[in-house]
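Pasting a structure below so you can have a look.
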Amino acid sequence: MTHANTKVAALDAEGLSLKSVSLWQITWRRLFRRRSAVVGLFILLLLVIIAITAQWIAPYDPTLSMLDAVPPQHIKPRAMPCVHIFGCPEDQPQHILGVDANVRDEFSRLLYGSRISLWIGFATVTFAIVIGTVLGAVGGYFGGWLDNTIMRVMDVLLAFPSLLLAIAIVTVLGPGLTNALLAIGIVSIPAYARVVRASVLSVREMDYVSATRALGGSNLQILFRRILPNALTPLIVQGTLGIATAILDAAALSFLGLGAQPPMPEWGKMLADERNQVFTAPHLVFLPGLAIMLTVLAFNLIGDGLRDALDPRLAHVS
Amino acid sequence: MMIQYITRRVLAAIPVLFGILFVTFALARLIPGDPCRAILGEKATEAICDRFIREKGLDKPILTQFGIYVSDIARGNFGDSIRYSLPVTRLLAERLPTTVELSFAALFVSMLIGIPLGVVSAVRHNSWADVVTMVWANIGVSMPVFWLGLMLAYVFSLLLKDTPFWLPPSGRVSPGVPDDPFFEVWKLTLPESGFIFSVCQFISRLNILNALLTANWELLKDSIKHLILPAIALGTIPMALIARMARSAMLEVLGQDYIRTARAKGLTRYVVITKHAFRNSLLPLVTVIGLSLGGLLGGAVLTETIFGLSGVGRTLYDAITARDYGIVQAFTVVIAVFFVLLNLIVDISYAYLDPRIRLT
């Protein structure tokens, strides 16, 4: 102990200070060392900026239909992009990515769509993590019949292909974005419950937990202050990858007409509305799909990066 | 030991199966709307509805209804579809082959491409081939199936029109291509209905198998052409997952001492990779492949919608939106049971591949 202290003192004397480095700082640094994770973070940052500033950077109202505008303002539904500097007549309104079937500006709709997608991702995963954590923690900590019941229910939920179960749940609840989110949230609960339960089981019998109990700590205190922090790392990884799946599933539900309803500028719905026009107006199908893919890609890249960065077995790499 | 392990796994699956039956039963009951008026139409009078509800046993206590439902299913009676006025089992025998063919084609494509890609990028770790494969795999897992399907249709059916690479955007066979079922070609005399008849019907609707059985090369070529785009669309996500898993499993194995030993005793690189390394990396691969098959069933709804295929996924989706309880209950049960069986097979093959698992 004294030896270490003298060493620190010596380092201080040389003008080098030994700062304590938290787990998060280490993780953050390791994350930044992975090229793919940096790409993911960059895309996410861009999306967040677009989502926040959509109301200022979007040239049009995303739900405004210009179907009844008089010439020369009038343009045909599903018109191709019109950009003034690329030779589009000056007297026509500029639509840099064209317009959709209801003559709404595609570019503005795409920008606003980022808000919905990010909201979908975070809302469903937060919901699933909260419920999954409670179920997994209670089951793992108390064990016995309670644990058995909870985990069998989770097994049953996992026995259905997730998208099909989500479709069935939305049908019961009625179509709409909120219900779609709820359905995807419910479907993804088991994954989090399992992760938390595994973490709880791995530390439940540790000496420091027994020590807290001996000192008179309540069950809740032990669970939340001593046990659950151990589940944080796997939860973060699972959650980030879960956001990607949630966005993909929500887009699929919207594509099937069970999620976002018109005129909401949701990417999956935008794509679905124009899917029969893929041969005549391919840009209206291509662009929303590309937006979905990039968003999902960002979360997948960050999730993978986090998994490696938080893996203590790879500690020597840092 | 192995038999004991299998028995234990099968027994553990039973409560899950009951749970599945209960969930499908409950979901079908929870679908909003009055079942009588959903089936007989809005104009059905009270008296007609009362009779209908009594006949279908919907006035009995909910637990009794569940009991009747379970015992019916145990006897293979899945009830009738309201929309098609047909036994659901007949519909299932009609629609399932499309989905089975599509799923297996997708899995075939994903394994055929995913495994070699993963192995190569592990063997040539950090090379450009590795980087390209991993970038591609990351994009692959992030791909919305429905978008990929539409884009493939756009490229191969429109842009490549009038080239040899043209592929059809929808359907299973072109009109006019003969697709006589094998039992007719073989002049078999079959019973009019019953189990054997259903099985033969089922097999004859697997176009590729039927084409091979009847040596119908025109049908074979045409079916494969129709299958390529949907199989790629549906197979891309599993392909990416398989490539990633193959890579990480191979990387882990290649770092082991016994690989160095094998190389040191003079075996060629090729033998070491195929015989020593690849075999040991199979274990995690089996899990990913098994679990992907389940995901394929979900993706099948989207793929079948885009490519105009009337398979299980599409039929189930239509049934849900049309409140066709019979189909919803039966198809979900069949899919979920299939999924449970699949997990069982994965677990068992895991135990077969790795003896250590049997003991725990």
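With the requirement that a residue be assigned to a loop (DSSP other than H, G, I, E, B) and within 12 Å of chain B (Cβ to nearest Cβ), what does region A:256-271 give you?
Within region A:256-271, A:256, A:257, A:258 qualify.
Within region A:252-288, can you find the residues that are closer than 24 Å to residue A:80 by Cα and touching a Pro at 6+ places or on another chain (Cβ under 6 Å)?
If the condition is that a residue be closer than 24 Å to residue A:80 by Cα and touching a Pro at 6+ places or on another chain (Cβ under 6 Å), then A:265, A:267, A:270, A:271 are the ones that fit.
Something else about it: Let me confirm something: among A:284, A:301, A:306, which residue is in contact with a helix residue (DSSP H, G or I) (Cβ under 6 Å, 6 or more places away or on another chain) and more than 8 Å from chain B (Cβ to nearest Cβ)?
Residue meeting the stated conditions: A:306.
Taking the stated definitions as given, is residue B:132 at pLDDT 85 or above and exposed (fewer than 14 other Cβ atoms within 10 Å of the Cβ)?
In short, yes.
Right, another one. How many residues are within 30 Å of residue B:168 (Cα to Cα), small (Gly, Ala, Ser) and surrounded by fewer than 18 Cβ atoms within 10 Å (Cβ to Cβ) when one looks only at region B:208-259?
The number of residues fulfilling the criteria is 1.
Given the conditions (1) crowded, with 19+ Cβ neighbours inside 10 Å; (2) touching a residue at least 24 places away in the same chain (Cβ under 8 Å); (3) within 12 Å of chain A (Cβ to nearest Cβ), which single one is not true for residue B:144?
(2)
Report, ordered by the first and then the second residue, all pairs with beta carbons closer than 6 Å, sequence separation of six or more or different chains, a first member in region B:294-318 that is more than 14 Å from residue B:229 (Cβ to Cβ), and a second member that is at pLDDT below 85 and outside any helix (DSSP H, G or I).
B:294/A:161; B:297/A:161; B:298/A:161
Restricting region B:297-308 to residues that are part of a helix (DSSP H, G or I) and at pLDDT 85 or above, which is farthest from residue A:276 (Cα to Cα)?
Among residues in region B:297-308 that are part of a helix (DSSP H, G or I) and at pLDDT 85 or above, the one farthest from residue A:276 (Cα to Cα) is B:300.
List the helices (runs of 4 or more DSSP H) inside region B:184-280, counting only whole elements, that have at least 3 residues being farther than 30 Å from residue B:87 by Cβ.
B:217-254, B:257-264
When both residues are 6+ apart or on different chains and their Cβ atoms are under 8 Å apart, which pairs have a first residue that lies in region B:251-265 and is farther than 19 Å from residue B:282 by Cα, and a second that is surrounded by 17 or more Cβ atoms within 10 Å (Cβ to Cβ) and of a type outside the set (Ser, Thr, Tyr)?
Cβ pairs passing all conditions: B:263/B:272.
So which residues in region A:151-179 are of a type in the set (Val, Ile, Thr), crowded, with 20+ Cβ neighbours inside 10 Å and either more than 7 Å from chain B (Cβ to nearest Cβ) or not in a helix (DSSP H, G or I) (or both)?
A:169, A:170
The values are calculated or read from the model by the stated rules, or taken from the named source; none is laboratory data. Being a predicted model, the structure only gives us computed values, none of them experimental. Positions of Cβ are generated from backbone atoms using ideal geometry, with glycine treated the same way; all protein chains shown enter the neighbour counts.
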